[in-house]
Structures are given as structure tokens and as C-alpha cells.
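Accompanying notes for the structure given below.
The values are calculated or read from the model by the stated rules, or taken from the named source; none is laboratory data. Keep in mind the model is a prediction, meaning the values are calculated, not measured. Neighbour counts run over all protein chains shown; Cβ positions are idealised from the backbone, glycine included. Note: accessible area is taken over every heavy atom of the protein model, side chains too, but ligands, DNA and RNA are not part of it. Shrake-Rupley method; radii C 1.70, N 1.55, O 1.52, S 1.80 Å.
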Amino acid sequence: DPIKNLLIELEKIVGNESDSEDKKALLNRNQQIADRYKELLNSAVDRQRKLLDAVDLAVRLQEVTIPLDSWLCAAEKRLQNLAKVPITIEKAEEMLCEQEALQNELEHKSDDLKDVLEISPLLSSLVSVEDANTISGQVQQLEARARTLDAGIMKMRPLLESFLQQIQDFTLDEKDMVKLVEETEIKLTDLEELPIEPDDLVEQTNILAEIA
């Protein structure tokens with residue numbers, strides 16, 4: 001170590017110096033150099049510790065943000081698919097199940113988002129202002145996307161339930177119409193032969209009037 005070697009040489013010079021004033025000056029100079037060297041060492045150790053902490057925090061942040069970002073991308077596409085209007089009861093029920101699954105997954109991902117919000121300020125305190133601003137922007141974007149996704153999922157529930165009810169009502173009406181058509185066909189079949197008796201003719205006339 002050049003600094004240590006210098007301090008040793010200075011100690012030798014001080015030891016060989018006979019003049020008390022010169023010796024005192026050299027001692028002071030030697031002490032100043034030793035103090036500055038100690039400060040530099042402490043600063044280097046502290047810098048190394050902060051660097052290691054920053055690397056550790058950066059790795060931890062990436063381990064959370066990368067999969068969270070991937071999940072958000074997939075979830076946003078799944079939410080877009082839920083915006084399509086279902087035309088069958090089965091499809092509406094399937095979409096309601098998907099909405100519930102998305103909601104549950106988002107609740108589980110809230111722990112990951114919490115980790116991001118805890119790690120990011122620690123990392124920002126150890127890096128440059130520019131890097132800290134970049135980290136802050138990325139975290140704010142993830143947080144905003146999660147909030148938007150949550151709002152979209154919540155709004156989708158009553159819409160899907162309304163679609164399901166409408167389809168169920170339409171299906172019931174359709175069944176009633178099919179039943180009515182089938183009954184009408186039976187009545188018309190019974191009326192294919194014209195009766196001779198006046199009472200029978202009156203009855204057929206009444207039936208036709210009901211159908212019409």
C-alpha cells in the first residue's frame with residue numbers, strides 16, 4: 001500500500017529529526033496524512049457497502065417488477081376480451097368466471113406491488129438522481145396500471161351480470177315463442193278438414209281468430 005509505505009517513511013524521518021520544531025511540524029503533517037487516509041478508507045468501505053446494497057436491491061426489484069409487468073400485460077388483454085358482448089348463457093357464465101379469476105389474481109399480485117413500493121425508495125436513495133427518477137417513473141407506471149386494471153375488473157362485473165340476465169330473459173321468451181308456434185301448428189293441423197256441422201264451423205272460426 002503506497003500510503004502506508006509513505007506513513008512509515010515519514011515516521012522514520014520524524015524519528016531521525018533532532019530539531020523539536022521541525023519534528024513537531026512533521027508529526028502534525030504525518031497525523032494529517034494518516035487522518036485523511038483513514039477517511040478515504042472509511043469512505044471507500046462505505047461506498048462499497050452501498051454499491052453492494054444497490055446491486056442487491058436492483059436484483060430484488062427486477063425479480064418482482066419483470067413478472068409483475070408480464071402479468072399486467074396478460075391481464076390487460078384478458079380484460080379487453082371481457083369487453084366483448086356474450087350471446088349465450090354459457091359464454092356469459094364463462095366470462096363471469098374469468099372476471100372473478102382476474103380479480104382474485106390481482107388481489108394476490110398486490111403483495112408484489114407492495115414489495116415494489118418498499119424496495120424502490122431504498123434503491124433510489126443509493127443511486128444517482130437520474131436513475132432514481134427512472135425508477136420512480138417505472139414504479140408509478142406499474143402502480144397506475146394496476147389501479148386501472150382493478151377499476152376495469154370491478155366495472156365489468158355488473159355489466160356481465162346484466163348481459164347474463166338479458167340473455168336468460170331472451171332465452172325464456174324464445175322458448176315461449178317456440179312453444180306457441182308448436183301449439184299453433186297442432187291447431188292448424190286439426191283444422192285441415194272442414195267440418196259439416198255449423199257448431200264445428202263456429203268453433204274453427206273462433207280458433208282461427210285466436211291464432212290470427
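Which Cα, out of VAL59, ALA75, ALA44, lies furthest along the positive dipole direction of region 44-107 (beta carbon charges, K/R +1, D/E -1)?
ALA44
Among ASN133, GLN99, LEU164, whose Cα lies farthest out toward the positive end of the dipole of region 80-164, if unit charges sit on the beta carbon of Lys, Arg (+1) and Asp, Glu (-1)?
Most positive-ward Cα: LEU164.
Assign unit charges at the C-beta atoms only (+1 for Lys and Arg, -1 for Asp and Glu), then state the dipole size of region 111-158 relative to its Cα centre in Debye, rounded to the nearest 20.
Roughly 400 debye, rounded to the nearest 20.
More than 25 angstrom separation, counting every C-alpha pair in region 50-155; what % is that?
Everything past 25 Å amounts to 33 percent.
Under the classification rounded if a/c is under 1.5, otherwise prolate if a/b is larger than b/c and oblate if not, where does region 19-110 fall, given a ≥ b ≥ c as square roots of the Cα gyration tensor eigenvalues? Walk me through the numbers before you get to the answer.
On the way: a/c = 10.00, a/b = 8.17, b/c = 1.22.
Because a/c hits 1.5 or more and a/b exceeds b/c, region 19-110 counts as prolate.
Against the globular-protein guess of 2.2 N^0.38 Å, express the Cα radius of gyration of region 71-132 as a ratio, rounded to two decimals.
Working: Rg = 18.0 Å, N = 62, 2.2 N^0.38 = 10.6 Å.
Compared with the compact-globule rule of thumb, region 71-132 sits at 1.70.
Can you pull the accessible area of ASP35 for me, 1.4 Å probe, Å² to the nearest 10?
70 Å²
Could you rank the peptides 153-166, 76-89 by their average count of other C-beta atoms within 10 Å per residue, with the highest value first?
Numbers: 153-166: 14.7, 76-89: 12.8.
Packing proxy ranking, top to bottom: 153-166, 76-89.
Translational diffusion coefficient of region 115-168 at 4 °C, 1.567 mPa s, Stokes-Einstein with Kirkwood Rh over Cα pairs, in µm²/s as a whole number. Don't jump to the answer; show the numbers that get you there.
Details: Rh = 13.6 Å.
Result for D is 95 µm²/s.
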